[in-house]
1. Determine whether Val16 is open to solvent by less than 70 Å² (accessible area, probe 1.4 Å) and within 19 Å of Thr142 (Cβ to Cβ).
2. Filter segment 45-64 down to the residues that are in contact with a strand residue (DSSP E or B) (Cβ under 8 Å, 6 or more places away or on another chain) and assigned to a helix (DSSP H, G or I), then identify the one that is least open to solvent (accessible area, probe 1.4 Å).
3. For segment 19-44, what are the residues that are in contact (Cβ under 8 Å) with a residue 60 or more places away in the chain, in a loop (DSSP other than H, G, I, E, B) and buried (at least 17 other Cβ atoms within 10 Å of the Cβ)?
4. Given the options Tyr162, Tyr129, name the one that is over 14 Å from the mean Cα position of the chain (by Cα), within 14 Å of the ligand (Cβ to nearest atom) and crowded, with 16+ Cβ neighbours inside 10 Å.
5. Quickly run through segment 132-151 and pick out the residues that are open to solvent by 10 Å² or more (accessible area, probe 1.4 Å) and either closer than 25 Å to Ala24 by Cα or acidic (Asp, Glu) (or both).
6. I'm told Lys2 meets every condition in (1) without any contact (Cβ under 8 Å) to a residue 24 or more places away in the chain; (2) open to solvent by 70 Å² or more (accessible area, probe 1.4 Å) except one. Can you identify the failing condition by its number?
7. So, His121, is that one within 12 Å of the ligand (Cβ to nearest atom) and at pLDDT 95 or above or not?
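The values are calculated or read from the model by the stated rules, or taken from the named source; none is laboratory data. For clarity, every value in this text was computed on a predicted model and none was experimentally measured. Neighbour counts run over all protein chains shown; Cβ positions are idealised from the backbone, glycine included. Surface areas here come from the heavy atoms of the whole protein model, side chains and all, with no ligands, DNA or RNA. Shrake-Rupley method; radii C 1.70, N 1.55, O 1.52, S 1.80 Å.
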Amino acid sequence: MKYAKHIQNLLNLEGVNLDPRKDASHYYQAMCRLLQASDCTIDRIAPYLTAPVAPLEYGRNQIYCSDLFEVIVLHVPPNVETPIHDHGEACCCVHVIKGSTLNRVYRKGADESLHILSSNHFAAGEFFYSPHGQIHSMYNPTDQPFVTLHVYTPPISGNHIYPHNVLQSHKEGV
Ligand SMILES: [Fe+2]
């Protein structure tokens, strides 16, 4: 079975009763288990890798969307960073499939400027969670592309992109 159909079936069978707003920690752990059970390998996901389409500098491919879930495959070349963004109404669970990513999390100051709150590397096989309202970016500091699988719930809406010029110095938490 093609991977997109496989993850769709799993989400619809096992993900429908999970509510990240009720218990985010339980939701995150359950989504990690579910994504692990989906057995996503680079070989299985290779058909869904896409090249960058301007203005994006990385491939972004939506492989599934329902009322509850949206699934995206990211394919990020070396030395490329996603825009600083939030997910609007959605939260997100990320599974690193290949390579490694630097996940930067930001907080917004009273004057709307952004400050780096944390900066963590995640390698192939690892997961991380972006809760509702979090502002983050994902950077590829390596010389190899990284590939990540993202499950959002609900599907992304009302999200924001933040210009890099609102970012204050990297003094904090790097
Ligand atoms: Fe994101």
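1. On the way: open to solvent by less than 70 Å² (accessible area, probe 1.4 Å): yes; within 19 Å of Thr142 (Cβ to Cβ): no.
For Val16, the condition - open to solvent by less than 70 Å² (accessible area, probe 1.4 Å) and within 19 Å of Thr142 (Cβ to Cβ) - is not met.
2. Looking at residues that are in contact with a strand residue (DSSP E or B) (Cβ under 8 Å, 6 or more places away or on another chain) and assigned to a helix (DSSP H, G or I), I get Ile45.
3. Once the filter is applied, which keeps residues that are in contact (Cβ under 8 Å) with a residue 60 or more places away in the chain, in a loop (DSSP other than H, G, I, E, B) and buried (at least 17 other Cβ atoms within 10 Å of the Cβ), segment 19-44 yields Pro20, Cys40.
4. Answer to the selection: Tyr162.
5. His132, Gly133, Gln134, Ile135, Tyr139, Asp143
6. With respect to (1) without any contact (Cβ under 8 Å) to a residue 24 or more places away in the chain; (2) open to solvent by 70 Å² or more (accessible area, probe 1.4 Å), Lys2 is out only on (1).
7. The answer is no for His121.
Let's see how each residue does on (1) in contact with a Ser or Thr (Cβ under 8 Å, 6 or more places away or on another chain); (2) more than 23 Å from Asn12 (Cα to Cα):
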site: Glu57; (1), (2): no, yes
site: Gln62; (1), (2): no, no
site: Lys98; (1), (2): no, yes
site: Tyr106; (1), (2): yes, yes
site: Ala124; (1), (2): yes, yes
site: His150; (1), (2): no, no
